[in-house]
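To keep things clear, I will list the structure first and then write my remarks on it.
The values are calculated or read from the model by the stated rules, or taken from the named source; none is laboratory data. This structure is a prediction, so every number in the text was calculated from the model and none was measured. When we count neighbours, we look across all protein chains shown, and the Cβ atoms used for this are built from the backbone with ideal geometry, even at glycine.
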Amino acid sequence: MSDASTPKLLRTLAGEAFARPPVWFMRQAGRSLPEYRELRTRAKDFLAFCYNPEMAAEATLQPMRRFPFDAAIVFADILLIPQALGQEVWFEAGEGPRLGALPEIAALAGEIEASTGRLASIGETLARVRAELEPDRALIGFAGAPWTVATYMIEGRGSDRSGARSFAYAHPEALDQILAILSDATARYLVMQARSGAQVLKLFESWAEGLAEDVFERVVIRPHQDIIRRVRAAGVDIPFIGFPKGAGVLVDRYAEAVPVQAIGLDTQASLAQGQRLQAGGKTIQGALDNLLLRVGGDAMDARIDTLIEAWSPGPYIFNLGHGVLPDTPVANIERAVRRITGK
């Protein structure tokens, strides 16, 4: 059992249950906040924003000043890894990320060791945030999981992932090599984050849906296992949250096979599934619909109450099933957090 002075989020990840669960929201730092939008105008582009420790730390801390969240998550992006490995990455206004041609696999492999140094500013951001954040509030580091990152590297942009899934079937050896490179680089990146002040590490597998069971085993479960093994071998023992978004019934297989302390659940997760995962020894996190947060009102209040009633008898972290949408009214976030925390 964790000490009472330990942040509530960390105590929950260690298996404690609370009548009012700890809460943080994915994308809590971002375009829904007017102070973020003002800050963003000071950077020449989004990647420059991510790599500026002073600005990224400020973006990380902005929601912590507004709301009684139990955790901050470092402001960064899942596509910093491919850029650190030598692939061109940029963001088109209003359209999202774009990536240049996929480099040769040997070229990617040759950049693994150097990649972590190219991401050193993210470590500085974490150190800045940890120095300012209250000791009873946790700090989360993260990375995009290898399959999700690979889909962007292969297709060059966000899509329905059909091209990446076809690549997985047509070029299995090449895909396995790419995933191995990403697992190694990601593990190094996460170790650096932990040594810079992160107290929790989260793997975002944002595109886990639509995968056949055997493909899921190969492109999701094995890389996640590999990353955690590498991080533990480096002497880092802080908890992991795994978020296989859209995996549906395969989430149960993920929980069984991957040694994470918590499972992030998306909007479609059933109450019974969450209870089953808790009974199997996992903390769960999620799964309020981000569209319902945007709409707000009595329906949002009722769903919050339902999730807490069903899941707070076990270890539960309140969160969304996906990130806060940019046009979500701040008043709705305030209302939701007040409903969850009583503050």
Restricting the stretch 262-277 to residues that are assigned to a helix (DSSP H, G or I) and of a type in the set (A, V, I, L, M), which is nearest to Q199 (Cα to Cα)? L277
Apart from one, (1) under 29 Å from R188 (Cβ atoms); (2) assigned to a helix (DSSP H, G or I) all hold for L293; the odd one out is (1)
It is to be established whether one or more residues within the stretch 55-74 are touching a Leu at 6+ places or on another chain (Cβ under 7 Å), within 20 Å of P326 (Cα to Cα), of a type in the set (V, I, T) and at pLDDT 95 or above. yes
Let me spell it out: the conditions are (1) within 29 Å of R294 (Cα to Cα); (2) in a loop (DSSP other than H, G, I, E, B); (3) of a type outside the set (V, I, T); (4) touching a strand residue (DSSP E or B) at 6+ places or on another chain (Cβ under 8 Å), and G15 meets all of them except one. Which number is the exception? (1)
Can you tell me which residue in the stretch 296-316 is farthest from the chain's Cα centre (by Cα), limited to those that are part of a loop (DSSP other than H, G, I, E, B) and in contact (Cβ under 8 Å) with a residue 60 or more places away in the chain? P313
Given the criterion over 30 Å from R335 (Cα atoms) and not aromatic (F, W, Y), identify the matching residue among R65, R128, R165, R137. R165
Applying the selection to the stretch 27-39, what residues are buried (at least 22 other Cβ atoms within 10 Å of the Cβ) and out of contact with any helix residue (DSSP H, G or I) (no Cβ under 8 Å at 6 or more places or on another chain)? none
So V251, is it of a type in the set (V, I, T), surrounded by 22 or more Cβ atoms within 10 Å (Cβ to Cβ) and at pLDDT 95 or above: yes
Within the stretch 1-26, track down each residue that is basic (K, R) and surrounded by fewer than 18 Cβ atoms within 10 Å (Cβ to Cβ). R20
Complete set of residues in the stretch 1-12 that are part of a loop (DSSP other than H, G, I, E, B) and under 21 Å from R65 (Cβ atoms): P7
When you scan the stretch 150-164, do you find a residue that is crowded, with 16+ Cβ neighbours inside 10 Å and closer than 21 Å to A262 by Cα, even just one? no
Give, as residue ranges, the helices (runs of 4 or more DSSP H) completely inside the stretch 180-261 that count at least 1 residues that are over 27 Å from R118 (Cα atoms) and within 18 Å of the chain's Cα centre (by Cα). 250-257
Test of understanding: among L47, L39, which residue is touching a residue at least 40 places away in the same chain (Cβ under 8 Å) and in a helix (DSSP H, G or I)? L47
State whether one or more residues within the stretch 299-307 are polar (S, T, N, Q) and more than 17 Å from Q285 (Cβ to Cβ). no
Could you tell me whether the stretch 42-50 includes any residue that is farther than 23 Å from T148 by Cα and crowded, with 18+ Cβ neighbours inside 10 Å? no
Within 23 Å of V149 (Cβ to Cβ) and either over 19 Å from the mean Cα position of the chain (by Cα) or part of a loop (DSSP other than H, G, I, E, B) (or both): does that describe A29? yes
